[in-house]
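Data first, discussion second: the structure below is written as structure tokens.
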Amino acid sequence: MTLYPKINNIRNSHLVIKIMLGISILISLTCIIINICIPGNFFWAFLVIAGIVYTWVTVMYSIKRNINIASNVFMQTILISILTIAIDIIIGYRGWSLDMALPIIISVANITLLLLTIVSTKKYYQYALYQVMTFLISILPFVLLCTTNLIKLEIFTILATFIATVTLIFNISLCGKNIKEELIRRLHL
């Protein structure tokens with residue numbers, strides 16, 4: 001039995017990260033070269049590079065943070081949304097990212113955060129704060145729907161906004177006082 005936790009060898013961790021970074025760069029360059037050598041009008045190597053960048057941002061965020069599940073869900077919501085919009089633009093914008101992908105991502109994030117709040121026995125108000133921040137992001141597709149003609153399939157955006165609103169109301173009813181106290185504490189109001 002030891003009294004102290006085992007500390008990971010930092011040198012080995014840095015070596016693994018450097019090796020993985022080298023492999024990522026090699027894969028990216030290989031895809032670019034193949035994409036240039038094979039004739040076609042679609043530059044699919046950008047999709048591979050976008051996926052690699054997304055993976056690195058996720059991994060580095062997870063390593064740097066002392067993984068709070070709710071913060072990870074929130075960050076993944078933002079990153080996956082950006083990635084899907086980028087993929088849609090790269091393959092010749094058809095609008096599926098705003099019509100379907102974004103509302104589905106937002107709905108899943110809102111439901112996940114609500115479930116985390118319900119299941120959590122301690123510090124559930126921290127999850128509720130991320131629920132509020134996710135709700136604010138969830139409104140963006142609805143604002144796009146009302147102000148532009150970028151969204152063609154309205155039902156997904158309306159459904160996602162409804163889910164976001166219901167989960168926020170449920171969250172506030174579940175732990176409204178704690179959310180208010182936490183906002184005052186964090187924002188120094």
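Residues in the stretch 56-81 that are under 25 Å from P141 (Cβ atoms) and without any contact (Cβ under 8 Å) to a residue 24 or more places away in the chain: V57, T58, Y61, N72, M75.
Residues that are aromatic (F, W, Y) and in a helix (DSSP H, G or I) were ranked within the stretch 18-60; the one that is surrounded by the fewest Cβ atoms within 10 Å (Cβ to Cβ) is W56.
Of the set (1) assigned to a helix (DSSP H, G or I); (2) among the basic types (K, R); (3) at pLDDT 75 or above, all apply to R94 but (1). Cβ-Cβ contacts under 6 Å between residues 6 or more apart (or on different chains), taken from a first residue in the stretch 152-181 that is over 11 Å from T117 (Cβ atoms) to a second residue that is not in a helix (DSSP H, G or I), are listed as K152/G95; T157/I151.
Take the residues in the stretch 134-189 that are surrounded by 14 or more Cβ atoms within 10 Å (Cβ to Cβ) and of a type in the set (S, T, N, Q); name whichever of them is nearest to the chain's Cα centre (by Cα). Looking at the filtered set, the residue picked out is T134.
The values are calculated or read from the model by the stated rules, or taken from the named source; none is laboratory data. Fair warning: this is a prediction, and the values are worked out from it, not measured in the lab. Cβ: placed from backbone, ideal geometry, glycine included. Neighbour counts: every protein chain shown.
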